[in-house]
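Notes to accompany the following structure.
Computed from the coordinates by the stated procedures, all read-outs in this text should not be read as laboratory data. Because the structure is predicted, anything quoted here is derived from the model rather than measured. Glycine also receives a Cβ, built like all others from the backbone with ideal geometry; neighbour counts cover every protein chain displayed.
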Amino acid sequence: MTSDMLPRYMIIALDIAKRIYEGELTEGQKISGRTTLAAEYNVSPETIRKSVKLLRDMKIVEIMPKSGIFIKSREHASSFMGTYKEKGSISEVKTDLKNLLKQKSDIENRIQKDIEYLIENTTRIKKINELNFNKIIVEPGSGIIGKALRELSFWQSTGATVAGVSRGGDIHISLGPDFVIEEGDLLLYIGGEETVEKVKGIIKKGELDS
């Protein structure tokens, strides 16, 4: 807990307790009156009244009628400061815990989104595997290695549609025109029997025989 989070009268009470603990003000010593303290701390007399009352309640000072305010106990001043520090530490722990709980919530939300993404894509891949696709491997030396789908004009050349590519155990779907074919790719395509030889031709040479 930082000092700017405390009421002004509490800050003043702690400062006076600190001065007592450090020996600036000693037991039995009379301290300035409320008006003087108000001017010293640049606050209203009412704020000083609250500060002094708190110090009296903590048995740090004693108010003698018609005589003034006297320092009563350095030990109680030390205890008061220690209590404040403990409260400050607890407040800091609570703040840290609140931040950690928020981080935990954010992480759980991200995990949930990732799980939903995996479920959605696993379902899509399963559906793809259940379809009866034609398949062909891009062998070493194939003329389409390193080419993007847009360069192949696959459908225009063969009448078949590339639905996906299996590569390294992963299935790539929703291929864009800039998807580049690599050696060892397993092309999954949709087309009738009349497209099979045309696909083989374009896979081998990178273009159809004229």
Phi angles of region 17-27, converted by Karplus (6.51 cos²θ - 1.76 cosθ + 1.60, θ = phi - 60°) into ³J(HN,Hα) in whole Hz with x for Gly and Pro, give 4, 5, 5, 5, 4, 7, x, 5, 10, 10, 4
So how do 140-147, 46-53 stack up, highest first, on mean other-Cβ count within 10 Å?
46-53, 140-147
Here, Ser79 and Trp155, labelled 7 Å along Cα→Cβ, have an inter-label distance in nm of 8.6
